[in-house]
Amino acid sequence: MSVLEKTGGNIVYKKIPVPKPGPDEVLINIKYSGVCHTDLHAIKGDWPLDTKIPLVGGHEGAGVVVARGELVKDVQIGDYAGIKWLNGSCLQCSFCRTANEPLCPTPDLSGYTVDGSFQQYCIGKAAHVARIPKECSLEAIAPILCAGITVYKGLKESGARAGEYVAIVGAGGGLGSMAVQYARAMGLHPIAIDGGAEKEKMCKELGAVAYVDFMTSKNIVEDVKKVTPEGYGPEAVILLAVNEKPFQQAAEYVRPKGTIVCIGLPANAFFRASVFDTVTRMINIKGSYVGNRQDTAEAIEFFRRGLIKAPYKVVGLSKLQEVFDLMEAGKIAGRYVVDTSC
Ligand code: 8ID
Ligand code: ZN
C-alpha cells in the first residue's frame, strides 16, 4: 500500500496489515480511490494542521464492505460504500447535531488524521461512510466522494439559482471538472477559468459556456465580465485554484451582490479584497468545506442519475507518486483514480 513515512518525503509502496473495525466501524475493501490535491498538500505539510505519521493517504475511496463492528446495523457486508474526507465525527456536538459535521471540533479526517483509501482495506465510521448504490461504477464514482460532494456543496452555498452565471476558477482540475458538471446539472451557466488548451477542450465538452485562460488572458477581470449577459460579471465565483492570485481577482469581477465561495486551499494564502468595493458592490465572501451526510447522498444521486460524467484516468496504486508529480506540475485535466489492486 502507499505509505508516507515523513512529511515532505516521497511515498513508499509496501504491504501493511489489514486493520480491524471497531464496534461502530466498517472495513471496506477499497477498489478505486481518486487522487485529490488535498493528498498532495498532506504530503508536503502545506497546512497548519499535522497529519498522522506514518500515513496512508486518500479520501475518495470506493469499494465493498467486508466486515463490520457489532453496533453497525444499517450497512451490510457486500454493500458498496465510500470513504470520504470526513471519516468520522462525534455526532454529539452542536455542529454535528445541526448537520454541520465538517465543523465538528474532533473530526477523523481520512488520509490525514486517520489512514485513508490508498490501500486495499480501509476503516470508516459506519455513520459517515458514503452509501453507494449497487448500479454505480466504483471507479467512476470515486471522484464524487470528495471533489463531487465539495463542489456541489459549494455551489449550494453560493446561493446561485438556475439561469445565473457562475465562474469556476480551476475548472480544468479535479474539483473544477466536477463543478462545471454540477453547475450545469443545477441549471447554472458555468464560466471556466484555467490554463492551457487541453483543459479548455475538456471544460467546453463538459458544458462551460466560455473559457478564460489565466495563462494567456491580458485582463482576466474584463474577460470574465464580458461573457456575462450585461457585462456585470457572474452571480457566483467558486474558487478551486491552488494559487492565491485568483482569490484576489474574484472580488473584482463578481457581479454586485454576488457571492465568492473559497474552496481551494493554497498554502499560506490570504484573501485580499478592497473594503470599498466589498461595501459599495455588496459582495459576499465565504468559505465552504466538504459536505455533510445529506450533501453526500444528494451529490451521489446526481451521479447515479447519469448527470455527472467528469473525466478521469485510471492507473495502478503503485504509480501514485507519478500522479502527484503530474499534479504538482498542474498537468492533470480532470481526475486520476488509482486501482488499489496493482
Ligand atoms: O472542502 C474543501 N474546501 C476542499 C475539498 C477538496 C479539495 C478543498 N480542496 C482543495 C484542495 O486541497 C486544493 O487546494 O481544493 C483545491 C483544488 O483541488 P483539486 O481540484 O484536487 O486540484 P487540481 O486537480 O490540482 O486542480 C487545481 C486547478 O487549479 C488551476 C490548475 O491549473 C488546476 O487545473 N489553477 C491554478 I494552480 N492557478 C490558477 C489560476 N490562477 C488555476 N486556475 C485558474 N486561475
Ligand atoms: Zn479531497
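Answer rounded, prolate or oblate for the range 1-133, using the Cα gyration tensor with square roots of eigenvalues a ≥ b ≥ c: rounded when a/c is under 1.5, else prolate when a/b is larger than b/c, else oblate.
Oblate, because a/c is 1.5 or more while a/b does not exceed b/c.
Which net charge results for the neighbourhood of Tyr80, defined as the other residues with beta-carbon distances under 13 angstrom from its beta-carbon, given Lys and Arg at +1 and Asp and Glu at -1?
+1
Compute the helix-to-body angle for 293-304: its Cα long axis versus the longest principal axis of the chain, expressed 0 to 90° and rounded to tens.
In the chain, helix 293-304 runs at an angle near 80 degrees to the longest axis.
With a sphere of radius 13 Å drawn around the Cβ of Ser110, what net charge do the other residues whose Cβ falls strictly inside it have (Lys, Arg +1; Asp, Glu -1)?
-2
Got the relative contact order for the range 148-287 handy, in percent, Cα pairs under 8 Å and 6 or more residues apart?
Over the range 148-287, the number comes to 21 percent.
Net charge near Glu5, counting Lys/Arg +1 and Asp/Glu -1 over other residues with Cβ under 12 Å of its Cβ?
+3
Among the DSSP beta bridges whose two residues both lie in the chain, what percent are antiparallel, rounded to the nearest 5?
50 percent
Taking the chain as the reference, fit the longest principal axis to its C-alpha atoms, fit the long axis of helix 174-185 to the helix C-alpha atoms, and give the angle between the two in degrees, 0 to 90, nearest 10.
Long axis of 174-185 versus the principal axis of the chain: about 70 degrees.
Please tell me which of these pairs span more than 22 angstrom C-alpha to C-alpha: Lys125/Lys309; Lys156/Lys309; Lys153/Lys286; Lys153/Lys257; Lys226/Lys309; Lys309/Lys331?
From Lys125/Lys309; Lys156/Lys309; Lys153/Lys286; Lys153/Lys257; Lys226/Lys309; Lys309/Lys331, over 22 Å: Lys125/Lys309; Lys226/Lys309.
Sort 49-57, 102-110 by packing, meaning the average of other beta carbons within 10 Å per residue, with the highest value first.
The packing order, highest mean first, is 102-110, 49-57.
Compute the orientation-averaged projected area for the range 148-287 from the convex hull of its Cα atoms and round it to one decimal in nm².
7.5 nm²
Using the C-alpha gyration tensor of the chain, what are the square roots of 5 times its eigenvalues, in whole angstrom, with the largest one first?
33, 21, 19
Out of all Cα-Cα pairs in the range 138-210, roughly what percent, to the nearest whole number, are more than 15 Å apart?
For the range 138-210, the share of Cα pairs beyond 15 Å comes to 47 percent.
By a straight-distance test (C-alpha under 16 Å), which aspartates and glutamates pair with Lys31 as possible cross-link partners, with residues fewer than eight away in the same chain excluded?
Qualifying aspartates and glutamates at Cα under 16 Å: Glu60, Asp79, Asp115, Glu135, Glu139, Asp339.
Out of the DSSP beta bridges found with both residues in the range 1-125, what percent are antiparallel (nearest 5)?
95 percent
May I ask you to derive the relative contact order of the range 93-231, considering only C-alpha pairs under 8 Å and at least 6 residues apart, and to give it as an integer percent?
Contact order relative to length: 14 percent.
Coordinate-derived values only; no laboratory data. As the structure is a prediction and not an experimental result, all values here were calculated from the model. Cβ coordinates were reconstructed from backbone atoms using ideal geometry, including for glycine residues, and neighbour counts include every protein chain displayed.
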